[in-house]
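**Student:** This structure is in structure tokens; I'll ask about it shortly.
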Amino acid sequence: MTTPDLQRIKKDDLLGRFFFGISDKKKFRAYYSTLEILYPFFRNEEWLKNITGFYVNTNKDQNGVRLSYFTTSPEEPGKVIEEFKKKHQTLKQIVKPEIPKPTQFYKLYGGEELPFRRFLTICTQIGLDIMQADLLHARCLMLIFRWQTFRARKSCKSHFLRTFRTQSPFYNSLTKKEKTQFWKHLAYWPDPRQVDWAHFLVNLVWGGDWVTPVFWAQFAKPQRPISIELLNKGLEGMDFQIPNDFKR
């Protein structure tokens, strides 16, 4: 087993969190550098044995990794982390870990608890796959999705499918039923005052989806896509630009 088994995830599994970073404090760059260290850990057999699922995104300062995990063995994941850290001295816990406890996600994001937990786990595995395959492409894919495809209310599936099929072994391992449910969830937005479910994939890959009221106000109704030229102007200073000839 090198990825979580979705059938092991239960709605009442405990939720814990670790917060990791490295010495590089620069936004985004530190997030991706920390992920590079953690990629092998996410496939660690001992880690996967002691959790049922997990979700990865950036911390609030966008310079580190927040690792949220589900477990029925509250003490064991921390032991596995400590063993990994001994071999990777540059990896630091930048915030005190959150001890695993009962948590209900769906009250914040709508839907049902178990499907949402499985969706987060699927997003994480697909996101990690495409980031490792081609990080630049993955980041561009998410920004174009948010500011062109989603902004104009076009199809999520049409936007992402080619990349997922060619770059994500985990996506290809899903059953037909699981894929169908995943696409429904990816397009799910139960409360316009709160983030859509696609936010969790965008947040993982981009390193910080825009979630301020100003941001969401722009999506209250379908609007014209924003050009790559204008998007790149907004990205100045972030060590990142979308190629003008980008194709998903």
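**Student:** Name the helices (runs of 4 or more DSSP H) wholly within the range 84-172 that hold at least 3 residues that are of a type in the set (A, V, I, L, M, F, W, C)?
**Tutor:** Numbers: elements: 106-109, 113-133, 135-144, 156-167.
Qualifying helices (runs of 4 or more DSSP H): 113-133, 135-144, 156-167.
**Student:** Sticking with this one: Answer yes or no: is there a residue in the range 153-175 that is in contact (Cβ under 8 Å) with a residue 12 or more places away in the chain, farther than 27 Å from F28 by Cα, touching a helix residue (DSSP H, G or I) at 6+ places or on another chain (Cβ under 9 Å) and surrounded by 17 or more Cβ atoms within 10 Å (Cβ to Cβ).
**Tutor:** Yes: the range 153-175 contains one or more residues that are in contact (Cβ under 8 Å) with a residue 12 or more places away in the chain, farther than 27 Å from F28 by Cα, touching a helix residue (DSSP H, G or I) at 6+ places or on another chain (Cβ under 9 Å) and surrounded by 17 or more Cβ atoms within 10 Å (Cβ to Cβ).
**Student:** Now, a different point. Against the definition (in contact with a helix residue (DSSP H, G or I) (Cβ under 7 Å, 6 or more places away or on another chain) and more than 26 Å from L128 (Cβ to Cβ)), how does P192 come out, yes or no?
**Tutor:** no
**Student:** Which residue pairs have Cβ atoms closer than 8 Å, lie 6 or more positions apart in sequence or on different chains, and pair a first residue in the range 177-192 that is in a helix (DSSP H, G or I) with a second residue that is charged (D, E, K, R)?
**Tutor:** Qualifying pairs under 8 Å: W183/K157; L186/K157.
**Student:** When the residues of the range 202-225 are filtered to those that are more than 21 Å from the chain's Cα centre (by Cα) and at pLDDT 90 or above, which remaining residue is surrounded by the most Cβ atoms within 10 Å (Cβ to Cβ)?
**Tutor:** P225
**Student:** Hey, another quick one. Could you tell me which of the residues Y55, Y39 is buried (at least 18 other Cβ atoms within 10 Å of the Cβ) and either among the aromatic types (F, W, Y) or touching a residue at least 60 places away in the same chain (Cβ under 8 Å) (or both)? Before you say what the answer is, go through the steps one by one.
**Tutor:** On the way: Y39 fails: buried (at least 18 other Cβ atoms within 10 Å of the Cβ).
Only one candidate qualifies: Y55.
**Student:** Can you list residue pairs whose Cβ atoms sit under 9 Å apart, with the first residue in the range 7-19 being touching a residue at least 40 places away in the same chain (Cβ under 8 Å) and the second being aliphatic (A, V, I, L, M) and in a loop (DSSP other than H, G, I, E, B)? Count only pairs 6 or more apart in sequence or on different chains.
**Tutor:** Correct list of pairs: R8/I51; D13/I51; G16/I51.
The values are calculated or read from the model by the stated rules, or taken from the named source; none is laboratory data. Because the structure is predicted, anything quoted here is derived from the model rather than measured. Every residue, glycine among them, receives a Cβ derived from its backbone with ideal geometry; neighbour counts consider all protein chains shown.
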